[in-house]
Each structure stands twice: as C-alpha cells, then as structure tokens.
C-alpha cells in the first residue's frame, strides 16, 4: 500500500545519539523546534539558511503515513522557491488552475484560479504531504553539506518544558534514555494536538462543526481531467457533498460528507468505504484504497502565538477545516513571517518587540482563514431548513447568472494574507498605485526579462525601483536593503506595470524579506525609506 511505501522510504532522520546526551550540563541552543512536520522543518530551513543554529526534535523518525494535505498554493511554492526546494515539488506535483462546481448531476459553473499569465508558478499543485515534506528535508540535507547549522533529531520526544525569563529548558526522552536541553527560543510546530501547548496550559479556542467527512485516497487509472470537482448533494448518493482531486502516482483524493450522527468505526470499515466509492465511481471501475480517515471541521486558534520565549506556528497555533487548503499553506506563511524576524532579533539588529508583530500579523491571517473557512463550512453544511433552501437557491441561480457565483462557497481556496493597517507598515505614497501591491500585500509575481520578479527580489530587504533612481544599497545601523532595478519596458506584456505602477510613471517599493510590501513611493526619498526600514524592523 502507498502508506507503507511512504513510511519506509521517508524514514528521513533515524535516531542517532547526540553529543548533547553525554554533556555534564544541558547544552544551550539558539533555537529548538518542536515538531518535524513540514512547518517545523521549514522553520529550521529558514533559520539555517540565515546561518542561525537550529535543532529540530521529533518523536518519530520521518514522515507519517497518509497523504493528508495535498493542495499547495502558489504562495507556498514561492516561499519554497526562496528556500530552494520548489523545483522538485513542481516536477512531482499535479498542476491545476481550474475548478468545477456541481449540484446533483448538473454543472453549476467553473472557475479559473489563475486566469492571467505572467506568473512563474501555477495557482495550485496537488502533492501528497509526505512528498512535500521529503523535498524540504532533502533541501535541509543539501544545505547541511554546505555548512548550514541545522540538526534533525528523530526519536527525541519532548516530555516537559520549563520557561525561564531568557531561555527554555526541555526534558527529552530517547531510546537511550532522557536528557535535557536549553534553548534561547522554542518554536512549537507540533500540530493541532500540540503537546507543547498542553504542557504550558495554553488554550485553543474556537468552534467544532457538527459534521463528519470521510477521506479516501485511492489508486486507479482514470481519464478525469486535472481539475477540482465539488458536488453538492451528488446524485450518486455517496454523501451530502463530494470532492475529487487528482494526485501524483495515479492517486485520487475523494472526500465524502457523511453527517454527524454516524458510527465512525463502522464507516471506516473497508466494505463501507467501498460502498461509497462504488456509488460514486461506478461498481465496474477497479481501484485500490491506499489511505482513509474521518475528520470534523474545526476552526480554532490560540489567543497568542508568542508566549515569551515560546512561539507557535502552523496547526499548533491555529486550525481550520481542510476545505480551502488553508492548513499547511497558512503554516508556511507563519514560517515565512517568523523566520526573518527571529533572525534579526537573534543577530541583535532588531529589538525583541519585533516578534510581537508576528503575533499581530499571523493572528490577523489566522482570523481571516477562520472566517473564510467558517463561511465555507456553513455553506457546505447548512444548519437549518431555511439555510439549506437558501444554499440550493444560490446554486440554482449560479448556474445561469454570474452575479450569484461569488456567493457559492465550496471552500474558498487559500490566498496569502495582506497585512493592512499593521504596525510595521510604512507609507503608501504611490498615487495611482495598484491595490494588489499596496502596503502590507504580498508581492505579486511578474515577468522581468527572461525571468520573474520574485526571484530577483531575493531573501533580504529589497528596494524595488521601477523606472526610478536609488542607491544600490542602504545600510540602516546593520539592516541592509539592496536595490533591485527594473524597467516596465522589461515586460512587453505589461503585467509588471499593471501590477506595480498602475497609473504612476515610476515607483520605489521597500520589500520585506518575506516579500510583503513595507512601503512605496513614486520616487526615491532617502529619509522616508530609512524611516520605513526602521519601522519594518520595529526600530522606530
């Protein structure tokens, strides 16, 4: 079975005894990450690429069974590209932009998540989470050989944590017995059940929706197109709603909405899973079940993501329903937001209060995801007769009238968060500037010469000038911003000008290391740019 192949092939960091286990006193590390899933390892990769020593502790030795997350968004691929691991993900993944919505056996409408050209990456790829994790770990191995100070420790289970004023003490169990470590900073990436959150007595508040969904990953040969298909009240009668996605390896993900008052043990029996699959696919189509699970929708988050020297990211900090692909994708945005900030703090060029902006910005992102996820859940699972009638009326209208289609919510798919009105934002002083590249927004990609803009921006602070002059480098007391100079003429398609100039004739953008816009002007102003750079690092 596929899950067995994952568990054997992706045993990526088998237990090895560490010198820390023989030290007479607990060894202090700058950063310890608890949890070796995609968010934990990505956090280590982000910090390690900055030259910051980091240790990842995981109670397993690699990747868990089952495909779990499969939909990885364009923004996640852009982040992975900066980490140096997007190419194998794109090569292995199934690329898709098109989705279709059905009601019973009628197609209501279809949508394209990336209808415009001029982007390096597609709207989404479908890729089983074990592959996604493996490619991140492969990149860690490559940069370790180049000297990046990253260590992955399997079979290192954290059993207790004590938080001090300036560090954290960890009690760890291994196959060779217990030992202790100290960390200046502890990053909790240990999933929705987060043992770390429990150890610290921190809450996880929100809403659990009274419905159940059965996931089945099946291997079969099928000529279905590579699209996202979602049925409301499918005529095949396998559930109240059904979702179909293609994955690599001739594997398909099927989600069935099966109701709240079900016997989960019975539903998980193979014969009952096959009953639903046969009703959906037809009894004559051969397939192999490679993984299955039942879940409920949950929309919850911690009150604070930063708790002194302990910081939470990914599902440990927030959880949303799977419809919309907001889990792993939002977790990678957490890493992208936290990594550069923690790096500046550890290097001593930014104050510790910069980390409070991680709380501010990513709680804003989590609340946005929870809102969209809750709206999708309410639409997919009506809670009253009236809401069910309303939902079906919207579907009937959407089949014939475009105005109703934005009201259909089969799981609005993940988009990156814009940090409007956040404390690190500088001035938005570009008259006629496009809204999509306003201050706080993630930079949209665009063609530049033979390549793409985001690749040019790099991983540090950037001064993007479009048909404007500026120095090649600004150093504001150790915080460096380097110029990336382009001309609108470098993109004959006009996408660069449309996405960054609007009606302006020239522009200067200050771009953060996570490629969010920190400030923008119509011309270079050194005093204003230095002030914005200080503000972006919480130094004003």
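Coordinate-derived values only; no laboratory data. Please read these numbers as outputs of a predicted model, since none were measured by experiment. Heads up, the Cβs are rebuilt from the backbone with ideal geometry, glycines too, and the neighbour counts pull from every protein chain shown.
Just rank 263, 46, fewest to most, by other beta-carbon atoms within 10 angstrom. Present the calculation step by step, with values, prior to reporting the outcome.
Numbers: 263 9, 46 25.
Fewest-to-most ranking of 263, 46: 263, 46.
With no solvent and one equal point scatterer per Cα, compute the Debye intensity ratio I(q)/I(0) for the stretch 428-536 at 0.11, 0.14, 0.22 Å⁻¹ and report its log10, rounded to two decimals.
Here log10 of I(q) over I(0) equals -0.28, -0.46, -1.22.
Could you give the radius of gyration (one decimal) and Dmax (whole number) of the Cα atoms in the stretch 80-178, in Å?
Here Rg and the maximum Cα pair distance are 21.4, 61 Å.
Could you tell me what % of all Cα pairs in the stretch 292-384 have separations over 18 Å? Don't jump to the answer; show the numbers that get you there.
Working: 2036 of 4278 pairs.
Pairs farther apart than 18 Å: 48 percent.
Hey, what number do you get for the chain at 222 nm if only DSSP H runs of n ≥ 4 count, each worth -39500 (n - 2.57), divided across all residues, to the nearest 500? Intermediate results must be reported in sequence, preceding the final value.
Details: 14 runs with 159 residues, N = 540.
For the chain, the value works out to -9000 deg cm²/dmol.
Measuring from label point to label point, each 7 Å out along Cα→Cβ, what is the residue 268 to residue 162 span in nm?
3.8 nm
Return the Rg/Rh ratio of the stretch 244-351 with Cα-based radii and a Kirkwood Rh.
Working: Rg = 20.2 Å, Rh = 17.6 Å.
Here Rg/Rh amounts to 1.15.
For residue 110 and residue 489 in one chain, what is 0.36 nm times their gap in residues minus the Cα-Cα distance, to one decimal in nm?
Numbers: separation 379, 0.36 × 379 = 136.44 nm, distance 3.48 nm.
Stretched fully, the residue 110-residue 489 segment lengthens by 133.0 nm.
Taking 1 over the mean of 1/r across every pair of different Cα atoms in the stretch 176-229, what Kirkwood radius in Å do you get?
17.0 Å
Calculate the spin-label point distance for residue 293 paired with residue 367, positioning each point 7 Å from the Cα along the beta-carbon direction, and give it in nanometres.
Here the modelled spin labels are 2.9 nm apart.
Sorted by mean Cβ packing within 10 Å, highest first, what order do the peptides 265-272, 92-99, 253-260 take?
Ranked from most to least packed, the peptides come out as 253-260, 92-99, 265-272.
Return the Rg/Rh value of the stretch 10-140, two decimal places, where both radii are evaluated on C-alpha atoms and Rh is the Kirkwood radius. Before the final figure, lay out the partial values.
Working: Rg = 18.9 Å, Rh = 17.1 Å.
When Rh is taken as the Kirkwood radius, the ratio is 1.11.
Want the number for residue 352 to residue 249: 0.36 nm per residue separation, take away the alpha-carbon distance, what's left? Intermediate values should be presented prior to the final figure.
On the way: separation 103, 0.36 × 103 = 37.08 nm, distance 4.59 nm.
Taking residue 352 through residue 249 to full extension adds about 32.5 nm, to one decimal.
Over the Cα atoms, compute the radius of gyration (one decimal) and Dmax (the largest Cα-Cα distance, rounded to a whole number) for the chain, in Å.
When restricted to Cα atoms, the chain yields Rg and Dmax of 23.9, 74 Å.
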